Amino acid sequence: MRVLLPGLTDSERTRCEIWTRVMGYHRPVSAFNAGKRAEHDERRYFKEQQP
């Protein structure tokens, strides 16, 4: 899903590199193979309830 801010052109945007923890170390998602990237896209994120 791509969300653009109003009034911002593609030339004004800055690429944001997303890193995630995989098998105990951090890696950029851009370095993932197709299967690992698809797995990352299917992840569900949640917020833990505070007691």
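The values are calculated or read from the model by the stated rules, or taken from the named source; none is laboratory data. Quick caveat, the model's predicted, so the values are computed rather than measured. Positions of Cβ are generated from backbone atoms using ideal geometry, with glycine treated the same way; all protein chains shown enter the neighbour counts. Just the protein is used for accessible areas: all its heavy atoms, side chains included, with ligands, DNA and RNA removed. Shrake-Rupley method; radii C 1.70, N 1.55, O 1.52, S 1.80 Å.
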Report task. Among ARG21, ARG13, ARG37, determine the one that fluctuates most according to a GNM of the chain built with springs between C-alpha atoms less than 10 Å apart. Result -> ARG13
Query raised in the report: To the nearest 0.05, how large is the calculated FRET efficiency for SER30 and LEU8 if R₀ is 25 Å and r is the Cβ-Cβ distance?
Result: 0.70
Requested in this report: Skip the ligands, DNA and RNA, and give the accessible area per residue of the chain with a 1.4 Å probe, whole Å².
Outcome: 105 Å²
Requested in this report: Multiply the residue separation of ARG21 and HIS40 by 0.36 nm, subtract the distance between their alpha-carbon atoms, and state the gained length in nm to one decimal.
Outcome: 5.8 nm
Report summary line: Computed ³J(HN,Hα) along segment 38-44: with the Karplus parameters 6.51/-1.76/1.60, θ = phi - 60°, integer Hz and x for glycine or proline, the list is 5, 4, 4, 5, 8, 4, 10
Report task. Measure off, as a whole percent, the carbon and sulfur share of the 1.4 Å-probe accessible area of the chain, all protein chains present. Result -> 53 percent
